[in-house]
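Written below as structure tokens is the structure these notes are about.
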Amino acid sequence: MEKYFGPVTFPDLLIWLPLIFGLVTFILRKEQHVKAWSLFGSILILMVSSLSLIYSNNKVLNNESWQWMHEIGASYSIGLDGMGHLLTFLTAFSFPIIFVATYNTTYKNVNAFYGLMLLAQAGLMGVFTAMDALVFYFFWELALIPVYFLCSRWGGEKRIQATFKFFVYTFAGSLLMLIGIIYVYLQTTGNGEVAHSFAWNAFYKVALTYPQQFWLFWLFFIAFAIKMPIFPFHTWQPDTYEQSPAAVTMVLSGIMVKMGVFAVLRWLLPLFPDAVAKYDTLIIGLSVFGMIYASLIAIKQDDLKRLVAYSSIAHIGLMCAAIFSSTSIGVQGVVIQMFSHGINIIGLWIVVDLIEKQTGVRKISQLGGIAHKAPVLTIMLVVIALANIALPLTNAFVGEFMMFSGLFKFNVWYAAIAGVSIILAAVYTLNMVQKVFYGETNAITATVKEIALNEKIILSVIVVAIFLVGVFPQPLFNLTKDAVTVILGKGK
């Protein structure tokens with residue numbers, strides 16, 4: 001018999017703190033009060049997340065389950081395993097960075113903007129801690145709704161078209177996933193008091209037939225592929241990233257795309273092992289093609305935002321390919337790379353935002369010589385750019401090496417073709433650095449000034465994180481090894 005209420009745990013705090021801080025933010029009026037309150041809340045959440053890592057082996061503090069809708073077998077069941085710890089920490093780590101980096105940005109209805117940002121954080125925390133399928137779906141939607149309003153109210157000139165496209169894609173995917181969840185739920189066995197259960201463990205115990213796995217696989221996979229996104233479900237992403245406010249783009253690219261990758265690992269691989277084995281070659285083929293396709297488009301981009309957007313598609317494609325290699329080293333590399341990619345891509349978005357704020361343009365062809373005016377910003381960008389192409393001793397090298405190793409074990413030719421994306425990533429990244437930051441200044445870049453103290457601090461934190469994980473990744477290995485066993489366990 002599950003309890004109705006229990007002691008406050010770390011997952012509780014990670015969800016309820018951003019929710020409470022976000023709701024309070026809506027009633028604040030002065031801009032400085034709103035920003036200070038939101039930043040304080042995000043730092044407090046980061047402290048809680050850090051404590052959860054320290055006590056990661058304490059099951060009492062990291063798991064919570066109480067009756068929610070007992071009649072249908074749904075419980076408010078949340079918990080933190082290795083993968084959950086890593087992604088909730090990424091979420092907690094990212095929001096203070098985003099708030100400080102955009103602190104000087106002025107928004108209309110600033111209380112609503114920051115309130116929605118914190119509600120999105122609550123939804124993200126819920127997704128990464130959910131141990132019940134219905135709870136997972138609830139938070140999946142909760143994370144998306146605030147982002148929809150953030151994009152549609154504070155976005156660029158074409159925000160309505162971009163937001164509509166984003167909504168249609170994600171809503172269609174969510175509907176497919178809900179159908180799949182209900183069907184699997186009806187195949188579960190309850191605990192004697194209820195006929196069926198939405199519990200994570202109950203779903204894992206379901207013995208689905210081959211035909212059931214094959215069509216259910218696509219219901220879940222399409223929903224998750226849209227969220228990542230991977231080719232050919234990616235077309236909403238560049239437009240949405242381009243039209244969204246900088247802070248929202250950082251959340252979308254740095255954290256929210258990890259919802260899809262996380263969901264594939266948490267639900268798809270353990271639930272449908274036979275379907276994964278049947279379709280792995282097809283999915284890896286699409287992912288590798290998407291990597292090359294996105295990289296080639298990134299090379300031709302003249303808009304900084306769209307270049308970073310297509311770069312992200314290429315990196316996520318590698319993650320998806322490594323997942324379907326179904327190798328321990330590949331899957332563990334994906335879990336680690338989710339964390340590293342989140343840090344690096346947010347760093348790139350911060351630099352792009354700083355350039356746009358000072359120059360008013362994002363076109364690479366209109367920029368140049370910024371290194372003469374802002375040497376600190378240039379140094380920070382070079383480090384982040386080198387991490388983006390997975391240079392050894394940077395954080396991305398660790399996960400990328402493991403992912404390519406897993407892909408190599410699956411198929412040498414797939415690994416070789418995917419490896420071309422490394423060269424292409426170096427081409428578009430270093431080309432961007434050279435054209436934007438080096439050469440001679442022009443009328444637009446002549447007025448650029450060195451970045452402010454808060455911006456230097458935030459970029460320094462990102463650079464330190466890049467080298468820390470790159471040089472000493474062992475804590476991430478220790479944290480994620482058990483999660484990989486669970487992910488691959490049912491299919492072995």
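Where a number appears in this text, it was derived from the coordinates with a stated rule and is not lab data. Remember, it's a predicted structure, so these values are computed and weren't measured experimentally. In this analysis, Cβ positions are derived from the backbone assuming ideal geometry, glycine residues included, and neighbour counts consider all displayed protein chains.
Short-range pairs are left out: with C-alpha atoms under 8 Å and at least six residues apart, the relative contact order of the chain is 15 percent.
Centre-to-centre separation between the Cα atoms of region 364-410 and those of region 75-121: 24 Å. Note on the chain: Rg/Rh from Cα positions, Kirkwood definition for Rh, rounded to two decimals, is 0.96.
Spatially, region 328-357 and region 440-492 are offset by 6 Å when compared through their Cα centroids. Once backbone amide H atoms are built at 1.01 Å from N, Asp303 has Ile364 as its partners under 5 Å, excluding neighbours fewer than 5 places away on the same chain.
Which entries in the list Lys300/Lys409; Lys35/Lys227; Lys363/Lys435; Lys30/Lys258; Lys373/Lys435 go over 22 Å, if you measure between the two C-alpha atoms of each? In this structure, Lys300/Lys409; Lys35/Lys227; Lys30/Lys258 exceed 22 Å between Cα atoms. Note that region 153-165 has calculated 3J(HN,Hα) couplings of 9, 10, x, x, 5, 9, 5, 5, 4, 5, 5, 4, 4 Hz, one per residue in order, obtained from phi through the Karplus relation 6.51 cos²θ - 1.76 cosθ + 1.60 (θ = phi - 60°); glycine and proline are x. With contacts taken as Cα pairs under 8 Å and at least 6 residues apart, region 272-492 reaches a relative contact order of 30 percent. The modelled label-to-label distance between Glu450 and Ile423, using points 7 Å beyond Cα along the C-beta direction, is 4.0 nm.
A crude spin-label estimate for the pair Ala195 and Glu71, with each label 7 Å from Cα along the Cβ direction, gives 1.4 nm.
Sequence-distant contacts, meaning Cα pairs under 8 Å at least 6 residues apart, place the relative contact order of region 118-198 at 23 percent. Cross-link partners for Lys158 among the aspartates and glutamates, with Cα-Cα distance under 13 Å and sequence neighbours closer than 8 places in the same chain left out: Asp239, Glu242. Per-residue packing, averaged as other Cβ atoms within 10 Å, sorts the ranges 470-476, 425-431, 229-235 into the order 229-235, 425-431, 470-476, beginning with the highest. Derived scalar couplings between HN and Hα for region 390-405 equal 6, 5, x, 6, 9, 4, 5, 5, 4, x, 5, 4, 5, 5, 5, 5 Hz in order, rounded to whole Hz, by the Karplus curve 6.51 cos²θ - 1.76 cosθ + 1.60 (θ = phi - 60°), x for Gly and Pro.
Within region 1-271, DSSP assigns beta bridges of which about 90% are antiparallel (rounded to the nearest 5). Whole-Hz Karplus values for region 424-440 come out as 5, 4, 5, 5, 6, 6, 5, 4, 5, 4, 5, 6, 7, 9, 10, x, 8 Hz, taken residue by residue from phi with 6.51 cos²θ - 1.76 cosθ + 1.60 and θ = phi - 60°; glycine and proline positions read x.
Working from label points 7 Å from Cα in the Cα-to-Cβ sense, the Leu44 to Phe214 distance is 5.4 nm. Excluding same-chain neighbours fewer than eight residues apart, the aspartates and glutamates reachable from Lys449 by a Cα-Cα span under 16 Å are Asp353, Glu356, Glu440.
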